[in-house]
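**Student:** One structure, pasted below without further comment.
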Amino acid sequence: MHKKETEDSVAHRIQQAQLEAADHKQMVSYRFFFHYLYRKVTSAPFYTHWKSILSYIRRFRAVTYTIRALSFVLGILETGALVILSTALFLVILPILFALMLGILITARIESGRTNHTLATISQNGRVYVLFLPAHAGDFFTENAKNLARQGDTVLIVSPYWISPNGLSKGAFYCTARREADRIYLIRRYYFFSLQKHVLKKRNTVYIY
């Protein structure tokens, strides 16, 4: 039984890695962020997106306590009240998240020119390697990125997170790019398209999916 579970777990991880690689290839093929975003939104059921939104919300401790308290209250209420309160919570949270994301995107748009200039200067010599950060990056991924950078090349790591600052380490929040180590930079997905258009197309760029 244990062996069967292990085999199923490995098969699931392989399948997940293949799906992520396919998504990364599709992302690189798009010229504009909103084209990619539209495809992401329309290609998955609403429930999947809502689970993703909730995962970000739970990162904030105060919101986590609120959700737990509401869950307790809702647990003792009838189904009708549960539906009403869930809908009300949705209508409150969604506009807040939308406003937050809009503010981040506007800031990223303003900062993109300066960041493009910085990365264009840094990547003048050698290759540019574009890696895609897994949700749970281990030591192997980190060492691989550092080894590429030690050769004098520039390593750009596209983050899977829209808001979270997590990268190779837990650094400060950023809107476009953040320096992780010497010649290694963490890149936001919504900024990637500007970087690709203005910098990467002019460089010897290697994508590692």
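**Student:** With θ set to phi - 60°, apply the Karplus curve 6.51 cos²θ - 1.76 cosθ + 1.60 along segment 104-109 and write out the HN-Hα couplings as whole Hz, x wherever there is a Gly or Pro.
**Tutor:** For segment 104-109, the Karplus-derived couplings read 5, 5, 5, 4, 4, 5 Hz, x marking Gly and Pro.
**Student:** In whole Hz and in residue order, list the ³J(HN,Hα) couplings for segment 175-184 that follow from phi through the Karplus curve 6.51 cos²θ - 1.76 cosθ + 1.60, θ = phi - 60°; x for Gly and Pro.
**Tutor:** Ordered by residue, 3J(HN,Hα) equals 10, 10, 8, 9, 6, 9, 6, 4, 6, 10 Hz.
**Student:** Let me ask something additional. In nm, to one decimal, how far is the modelled label at Thr42 from the one at Tyr30, with both set 7 Å along Cα→Cβ?
**Tutor:** Modelled inter-label distance: 1.1 nm.
**Student:** Next question, about the same structure. Which whole-Hz ³J(HN,Hα) couplings does segment 120-128 yield from phi under the Karplus relation 6.51 cos²θ - 1.76 cosθ + 1.60, θ = phi - 60°, glycine and proline marked x?
**Tutor:** For segment 120-128, the Karplus-derived couplings read 5, 5, 5, 9, 4, 10, x, 7, 10 Hz, x marking Gly and Pro.
**Student:** Skipping prolines and chain starts, which residues have an amide H placed within reach, meaning under 5 Å, of the one on Tyr129, given they are 5 or more residues away or on another chain?
**Tutor:** Thr154, Val155, Leu156, Val206
**Student:** Right, here's the next one. Applying 1/(1 + (r/R0)^6) with R0 = 35 Å to the Cβ-Cβ distance of Phe140 and Ile110, what FRET efficiency is obtained, to the nearest 0.05?
**Tutor:** Values: r = 36 Å, r/R0 = 1.03.
Plugging the Cβ-Cβ distance into 1/(1 + (r/R0)^6) gives 0.45.
**Student:** Under a 1.4 angstrom probe, counting protein chains only, how are Lys25, Lys202 ranked by accessible area, largest first?
**Tutor:** Values: Lys25 115, Lys202 145 Å².
Result, largest first: Lys202, Lys25.
**Student:** Could you calculate the contour length gain from Leu100 to Glu20, that is, 0.36 nm times the residue separation minus the distance between their Cα atoms, to one decimal place in nm? Don't skip to the answer; put the middle values down first.
**Tutor:** Details: separation 80, 0.36 × 80 = 28.80 nm, distance 2.60 nm.
Answer, rounded to one decimal: 26.2 nm.
The values are calculated or read from the model by the stated rules, or taken from the named source; none is laboratory data. As the structure is a prediction and not an experimental result, all values here were calculated from the model. Reconstructed Cβ throughout: ideal geometry from the backbone, glycine too, with neighbour counts over all protein chains shown. Surface areas here come from the heavy atoms of the whole protein model, side chains and all, with no ligands, DNA or RNA. Shrake-Rupley method; radii C 1.70, N 1.55, O 1.52, S 1.80 Å.
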